[in-house]
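**Q** This is the structure, below, for whatever I ask next.
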Amino acid sequence: MSNGQWYPPEWPERIRALAAGELTPVTPRRAATVMLLRDEDGGPAVHLLRRRTSMAFAAGAYAYPGGGVDPRDDDPLVGWAGPGRDVWARRLGVEAAAAQAIVCAAVRETYEEAGVLLAGEGPDRVVGDIGAAGGGRGAGDAGDPEGWEADRAALVAREFSFAEFLRRRGLVLRSDLLGAWARWITPEFEPRRYDTWFFVAALPAGQRARNVSTEADRTVWISPAEATRGYDKGELLMMPPTVATLRQLQAYGTAADALAGAEGRDLAPVLATARMEGGELVLTWPGHQEFTKRVNTNLNGNTDTNPNPSPSPSPNPNTDAAPGAPRPTGGTR
């Protein structure tokens, strides 16, 4: 049975064009995504969302909350707690301003897409449940869920920067709640490319993830093992970075263990390469043999088969579930 690897049908044609010098690679945009974990019986569960089928990039695929860096994410006045920008610059392998922007994007996008805010009034505090009545206690306007939601929507609309949002709320970004996990770069033949840093974080006590992303039609809390089983069966569509990081997370018994394990992880970027071998297109991701694709082509240069089927609906989506709710079963972004 085919797995759920995301493989657009236009890739072979674009790979051939790149090899022939007929395609100029797009410069990848910096981005960040967060593997948000919460502890459950049997181990940590990860928060995944399914991208709407109308999306131009990775439509229908399960992924983590995340997105591109906002040009204002490097605002030097952003409230900050935890390891400094220079520390993050060394960890991420970029300049200090870029490191701040990437970390800021990770925190901002998690708030925009999942309603979870990795910030607090000080270095030892984190906001409460800002998505429920009476939420946000201890973080500025307590008990103002409508105000928090209005601010979140304004961030999505880019009406103000994340630095301005933090100042309005009297908060500082908690960079110590993040661990850098991996870095993947979209292949050169893709029309939309991202240089994406993957982070891991534990769901703060008192907060809950919500399906608030305009780009997703479903969210789910699921164990990494269940998610990869769904992928292996062809039930869940995913991109290689999502599958690879889910498999890596299976080694950790708690969210705290995963966060601690992030410290020593290799952040060398993973970039897919493609080549022609006779009548086959061979697509590989260095260090990740399971994602190798061999696509047969006929004399007209067309693919003989569709490498992957469309994913089937995920059972028991468990959307917008409160902490402690049961996870989906039977392999369910």
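**Q** Return yes when Ala251 is more than 18 Å from the chain's Cα centre (by Cα), closer than 18 Å to His47 by Cα and small (Gly, Ala, Ser) and no when it is not.
**A** Judged against the criteria, Ala251 is a match.
**Q** So for the stretch 57-73 (the condition being of a type outside the set (A, V, I, L, M, F, W, C) and open to solvent by 50 Å² or more (accessible area, probe 1.4 Å)), does at least one residue qualify?
**A** For the stretch 57-73, residues of a type outside the set (A, V, I, L, M, F, W, C) and open to solvent by 50 Å² or more (accessible area, probe 1.4 Å): present.
**Q** Given the criterion in a loop (DSSP other than H, G, I, E, B) and either β-branched (Val, Ile, Thr) or out of contact with any Asp or Glu (no Cβ under 7 Å at 6 or more places or on another chain) (or both), identify the matching residue among Val34, Val26. Explain how you work it out, then say what you get.
**A** Working: Val34 fails: in a loop (DSSP other than H, G, I, E, B).
Step by step, each of Val34, Val26 is checked, and only Val26 is in a loop (DSSP other than H, G, I, E, B) and either β-branched (Val, Ile, Thr) or out of contact with any Asp or Glu (no Cβ under 7 Å at 6 or more places or on another chain) (or both).
**Q** Kindly indicate whether Pro269 is within 30 Å of Ala19 (Cβ to Cβ), open to solvent by 30 Å² or more (accessible area, probe 1.4 Å) and either of a type in the set (A, V, I, L, M) or out of contact with any Pro (no Cβ under 7 Å at 6 or more places or on another chain) (or both).
**A** yes
**Q** Taking Trp221, is it at pLDDT 95 or above, under 13 Å from the mean Cα position of the chain (by Cα) and among the hydrophobic types (A, V, I, L, M, F, W, C)?
**A** So Trp221 does not fit the description; no.
**Q** Given (1) surrounded by 19 or more Cβ atoms within 10 Å (Cβ to Cβ); (2) of a type in the set (Asp, Glu); (3) touching a Leu at 6+ places or on another chain (Cβ under 9 Å), identify the lone condition not met by Glu235.
**A** All conditions pass for Glu235, except number (3).
**Q** On the given criteria, is Arg183 in contact with a Phe, Trp or Tyr (Cβ under 9 Å, 6 or more places away or on another chain), open to solvent by 30 Å² or more (accessible area, probe 1.4 Å) and either of a type in the set (A, V, I, L, M) or part of a loop (DSSP other than H, G, I, E, B) (or both)?
**A** no
**Q** Then there's this: Need pairs with beta-carbon distance below 6 Å; first residue closer than 20 Å to Val127 by Cβ and within the stretch 72-86, second open to solvent by 70 Å² or more (accessible area, probe 1.4 Å) and not basic (Lys, Arg); sequence gap 6+ or separate chains.
**A** So the pair list comes out as Ala81/Pro123.
**Q** Right, something else. Applying the selection to the stretch 288-313, what residues are at pLDDT 80 or above and either open to solvent by 80 Å² or more (accessible area, probe 1.4 Å) or over 20 Å from Ala182 (Cα atoms) (or both)?
**A** Selection gives Gln289, Glu290, Lys293, Arg294.
Residue-by-condition table, conditions (1) under 19 Å from Tyr194 (Cβ atoms); (2) at pLDDT below 90:
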| site | (1), (2) |
| --- | --- |
| Ile15 | yes, yes |
| Pro28 | yes, no |
| Arg51 | yes, yes |
| Gly79 | no, no |
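**Q** For the structure I just gave you, tell me whether Val78 is buried (at least 19 other Cβ atoms within 10 Å of the Cβ), assigned to a loop (DSSP other than H, G, I, E, B), in contact with a helix residue (DSSP H, G or I) (Cβ under 7 Å, 6 or more places away or on another chain) and of a type in the set (A, V, I, L, M, F, W, C).
**A** yes
The values are calculated or read from the model by the stated rules, or taken from the named source; none is laboratory data. What you are looking at is a predicted structure, and each value in this text was computed from that prediction instead of being measured. Quick reminder, even Gly has a Cβ in these numbers, built from the backbone with ideal geometry, and neighbours come from all protein chains shown. Areas reflect the complete protein model, heavy atoms only, side chains present, ligands, DNA and RNA absent. Shrake-Rupley method; radii C 1.70, N 1.55, O 1.52, S 1.80 Å.
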